[in-house]
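Worksheet: the structure to be examined is printed underneath.
Values in this text are rule-based calculations from the coordinates and carry no lab data. As the structure is a prediction and not an experimental result, all values here were calculated from the model. Every residue, glycine among them, receives a Cβ derived from its backbone with ideal geometry; neighbour counts consider all protein chains shown.
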Amino acid sequence: MALPFPVHGNLAVVHFLAVWLVSSFLLWLSARVFVGKKASFVVSAVAALVGAATFSLSSGRLLFTLIALALWLFVLKSLFNVGWAKALLIAVAAWILGAIVGWLLGIQTIF
């Protein structure tokens, strides 16, 4: 989530928590569409946290980003007990929802 100003100190913690909760909620909404009532918010929060940690290690390089994407899809597949295709659908739907929310809030991206 790129803000037009730097985030430091206590504000950084608030920023992290806000982005994590919004991302978790959007991931939960996506999972509810493709998984149904099996999708829980806690599982979505764990998946969002693992996804953020995984992608933060990718350093923007294509190969590492693709590896991070595969790892995150594996996490979604495992946590939501779905196949690879549904894990990809959940991820894409969450990304689209994040882009819409980011656009509505005037933020570059939520993920």
Of the convex hull drawn through the C-alpha atoms of the chain, the volume per residue in Å³ is 99
List, in order, the whole-Hz ³J(HN,Hα) value for each residue of the range 92-107 obtained from phi through the Karplus relation with A = 6.51, B = -1.76, C = 1.60 and θ = phi - 60°; use x for Gly and Pro.
5, 4, 5, 5, 5, 4, x, 5, 5, 4, x, 5, 5, 8, x, 9
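Just to verify a number: FRET efficiency for VAL14 and TRP103, C-beta to C-beta distance, R0 = 25 Å, to 0.05?
On the way: r = 22 Å, r/R0 = 0.89.
About 0.65, to the nearest 0.05.
What's the longest uninterrupted piece of the chain once you rule out the trypsin sites (Lys or Arg not before Pro) that are loop residues per DSSP with at most 12 other Cβ within 10 Å? Please report the intermediate quantities before stating the final value.
On the way: sites that count: LYS37, LYS38, ARG61.
Value returned for the longest uninterrupted segment is 62-111.
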Taking a crude spin-label model, label points 7 Å out from Cα along the C-beta direction, the LEU88 to THR65 distance in nm is 1.8
